[in-house]
Amino acid sequence: MKVIIFGDSHVNALCENIHVLDGHDTELVINHGLNWVSLHFEDEVGGISVRADAVENVEPLDMLLQPGGRHYFSSILHTAPYTRAADWRRFRPWSVMGDFPRLQPVSDAVLQTWVAREIAVRLAFLSELRAKGFDIRVIEAPRPLERAPALHVIDPDVMARVDTICRDFIKMRLARAGIRVIGVPRETLSGAFTAEAYSAERLADPHHGNLEYGRLTMLRILDDLTTA
């Protein structure tokens, strides 16, 4: 089967494990995460054209997606922009307020409104692909790494709760659109976080998985290809 895996920097760990999909005609396309947030898409002969204006020091996005095979998109379930916000040093979701009386509570609805605005273009893009007959899946990005709270100076329980609220909301919106999610490999988790054994080798990196994480994710994709 033709397999197209495309999206943000989380695809890098998958590229290094392309051999897992031996027997499939696999193409991987990586572009900066900022481009996917601000993408423009339109019908074009043979498929859908996807573009994004160049951001400083970022390669512009310009690609043509064509129906046929199965497409896997990595970007919309990347929650780091929400979990790493410095605001969480002063605020916290209301559902963990008992443990953090010093922090000002924020309702789930406020956080969900932020997320809804940020994912709107990508969700419309995915819905358009599906409407045009594309066989499309979403690859879930890793949970925050265990090191992430210390790197961002945010309490782990606050970060974990923010991450859960965001992921659950995005998954709900994807389910409503009829888009299936390839979830994170369960063995990579340590509680609400990605275990250090599956985290990026560069210690300053707070959100990428390592090559073993990529291998396990590719195995989940392989399973999807053979059972769905």
>> Taking a ≥ b ≥ c as the square roots of the Cα gyration tensor eigenvalues, with a/c under 1.5 meaning rounded and otherwise prolate when a/b beats b/c, else oblate, which class fits region 108-168?
In response: prolate
>> Can you compute the charge dipole magnitude of region 151-228 about its Cα centre, using +1 on each Lys and Arg Cβ and -1 on each Asp and Glu Cβ, nothing else charged? Give it in debye, rounded to the nearest 20.
In response: 460
> With charges set only on the Cβ (+1 for Lys and Arg, -1 for Asp and Glu), what does the dipole of region 1-73 come to about its Cα centre, in debye to the nearest 20?
Replying inline: 240
> Under a 5 Å amide H to amide H cut-off, with H placed in plane at 1.01 Å, what residues pair with S199 once short-range neighbours are removed?
Replying inline: N210
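Ignoring ligands, DNA and RNA, how do C15, C166 rank by accessible area with a 1.4 Å probe, largest first?
Ranking C15, C166 by accessible area, largest first, yields C15, C166.
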> How far is helix 108-131 tilted off the main Cα axis of the chain, in degrees rounded to 10, range 0 to 90?
Replying inline: 0
>> Across region 10-110, what fraction of all alpha-carbon pairs, as a whole percent, falls in each successive 10 Å bin from zero upward?
In response: 12, 30, 26, 19, 12, 2
> Around I5, which amide H atoms from residues at least 5 apart in sequence, or from another chain, sit under 5 Å from its own amide H, with H modelled in the peptide plane?
Replying inline: E27, L28, V29, Y72
>> Taking amide H atoms as placed 1.01 Å from N in the peptide plane, list the residues 5 or more away in sequence, or in a different chain, whose amide H sits under 5 Å from that of F91.
In response: Q104
>> Within 15 Å, Cβ to Cβ, of L219, how many net charges do the neighbouring residues add up to if Lys/Arg are +1 and Asp/Glu are -1?
In response: -3
> Given 0.36 nm per residue, what is the gain on full extension from W94 to V58 after removing their alpha carbon distance, in nm?
Replying inline: 9.3 nm
> What residue among N31, H207, V158 has its Cα farthest toward the positive end of the dipole of the chain, where the charges are +1 on Lys, Arg and -1 on Asp, Glu, each on the Cβ?
Replying inline: V158
> For region 134-228, rounded, prolate or oblate, judged on the Cα gyration tensor with a ≥ b ≥ c (square roots of eigenvalues), a/c < 1.5 rounded, else prolate if a/b > b/c?
Replying inline: oblate
> So, counting K/R as plus one and D/E as minus one, what does the shell of residues with Cβ under 13 Å around P60 add up to?
Replying inline: -3
>> Could you sort the peptides 216-224, 57-65 by per-residue average Cβ neighbour count (10 Å cutoff), highest mean leading?
In response: 216-224, 57-65
> Counting only protein heavy atoms and using a 1.4 Å probe, what share of the accessible area of the chain belongs to carbon plus sulfur, as a whole percent?
Replying inline: 51
> Once both axes come from the Cα atoms, what is the angle between helix 156-176 and the longest principal axis of the chain, in degrees from 0 to 90, rounded to 10?
Replying inline: 40
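For every helix of n ≥ 4 consecutive DSSP H residues, a contribution of -39,500 (n - 2.57) applies; sum these over the chain, divide by its total residues, and give [θ] at 222 nm rounded to the nearest 500 deg cm²/dmol.
-10500 deg cm²/dmol
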>> Tell me the angle of helix 211-227 to the major Cα principal axis of the chain, expressed in degrees between 0 and 90 and rounded to the nearest ten.
In response: 50
> Any idea of the accessible area per residue across region 43-142, 1.4 Å probe, to the nearest Å²?
Replying inline: 50
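The values are calculated or read from the model by the stated rules, or taken from the named source; none is laboratory data. None of these values were measured; they are calculated from a predicted model. Counting neighbours? That spans all protein chains shown, and the Cβs are built from the backbone with ideal geometry, glycine included. Accessible surface areas use protein heavy atoms only, side chains included; no ligands, DNA or RNA. Shrake-Rupley method; radii C 1.70, N 1.55, O 1.52, S 1.80 Å.
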